[in-house]
Amino acid sequence: MPASDQSTRSDPADQSVRPGRSVPSPRHPAHAVDRAFLDLERRRPDVRWDAGGVAYLSGPPPTLADLRAYVGFRLGELPLLTSRAEGGRRLRWQPDAGFAVDRHVHEVVAQGPDGWDSALHNALNAPFAPGAFWGVWLVHGHAPDAYAVCYRFRHACQDGSAAAMTFRTMLGEGEPSARPMPGRSRLAGVPRRVGSAVGLATKFVTRTLVVRGHRTDAAFVPSGEQRLWRGRVPVDTLRRIGTARGGSAHDVHLAALAGALSAWSVRSGVPLPRVTAVLPVDARRADEEQMWGNRCFALPLELPVGAASHHADGSPDGEASLRRLDDVMTATRKLRGETWRQAIQDLVRFMPDRPTAWYLRRVLSPRVTNVMATSMPLADKGSLGETQVTGTALLPLLVPGHLFGVGLSFFGQWAEVSFVADRALPLGELLPELWEQAVGELGRSSAPV
């Protein structure tokens, strides 16, 4: 846990709370992706369809009553969180007349310094209150000057970009995200845009129909309990490596993930004949509110885990990591372009309910993908009263049959990786370290000679 850098109790009524920004409660139509996740919940009520994040803070924790008051005050800027989906076929987000903060904000108290890990994972696995779409857990008790706030939500309620806006409203400074977006919609070029959208839809639907077995589910028997493991590197390290190769920080993350998985497979004894990650892509328009529901499109991307890391004589191959990065960049190059981003936006905006639900079921199926990989810029800094956010962890959706979910959050000067997996995953605790080592290998291989 981070060391203390504050000594004053947080005050939910302090001047960091921004008054006068209450947003009227809306009656907002549910999106096709919202309805697709609600459909998944109905089809698989035994499965957890939630995601979220953890903020780690330094300083004395607030009381539960203080945190409830703080969250209640901030909810004036987050009207979706006091709404519920109603209306059958004409599903809409509408104000919840029975909403109560106390049913959404809870605490888990660690039993001394050795109880931190157990307390945090109790928050990760706690059920939502009946009918609730989200929950906040205050996790403390292991130290007098450090605590965490765990936020989890049903995916039908929010996607990652919406959750990041929630983070910035609750704990950040209100900075806009750095997410790449197409420009404002234009009428010009509609035939070309339609062609691009149809071509992209055909490409990725076809990819979900080419099914090859992953054979990872026999490696362990799931326990039903999720665990969280974290790592971090300076964000400038990822950017420097990506820039030197003509790619992005996210490309470097995915290449390092492939390298980490290759090493993990050898260490754990879990064979990985193929790893295909689900990449959620934000498809909101430039003028569209970030905090409303789901506007994401899920893309399958095969990770180059099979790239040999050694020569035939057993000596290390120093170029293997760069080949992985080049493979990733080749696969993501089109997605970084304006035309494809516009096509993704058009697909999400106009695709009907049934094709949307069908595609989401297909792309999340463990017969098609076996890793959820998401990334999100959060904020430059954050606080709760006078206590400061010192670290973050994304909690990606963990799909049944997937190996794990991995999230990369950009907070301040750090790129923080988090792995969420079933407790029974063999040697899952090694994944962050192996990822950090893979980033280091990429850094050494890409350094000027």
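The values are calculated or read from the model by the stated rules, or taken from the named source; none is laboratory data. None of these values were measured; they are calculated from a predicted model. Note: ideal-geometry Cβ built from the backbone for every residue, glycine included; neighbour counts use all protein chains shown. The area values use the complete protein model at the heavy-atom level, side chains included, leaving out ligands, DNA and RNA. Shrake-Rupley method; radii C 1.70, N 1.55, O 1.52, S 1.80 Å.
Any chance you could run the full-extension gain for Glu319 through Val266? It's 0.36 nm times the residue separation minus the Cα-Cα distance, nm to one decimal.
This chain segment gains 17.1 nm when fully extended.
Could you tally the net charge around Ala421, taking each other residue with its Cβ under 12 Å from the Cβ of Ala421, Lys/Arg +1 and Asp/Glu -1?
-1
What order, most packed first, do the peptides 230-237, 391-398, 86-93, 255-262 have when packing is the mean number of other Cβ atoms within 10 Å of each residue?
Descending packing order for the listed peptides: 255-262, 391-398, 230-237, 86-93.
Could you tell me what percent of the accessible area of segment 50-146 is made up of carbon and sulfur, with a 1.4 Å probe and every protein chain present?
Of the solvent-accessible surface of segment 50-146, carbon and sulfur hold 53 percent.
Pulled fully out, how much extra length does the chain show between Val109 and Thr63, if you take 0.36 nm times their separation in residues and subtract their Cα-Cα distance?
Stretched fully, the Val109-Thr63 segment lengthens by 15.5 nm.
With a 1.4 Å probe and all protein chains left in place, how much accessible area per residue does segment 378-429 have, in Å²?
26
With all protein chains present, how much of the accessible area of segment 296-449 (probe radius 1.4 Å) comes from carbon and sulfur, to the nearest whole percent?
Of the solvent-accessible surface of segment 296-449, carbon and sulfur hold 54 percent.
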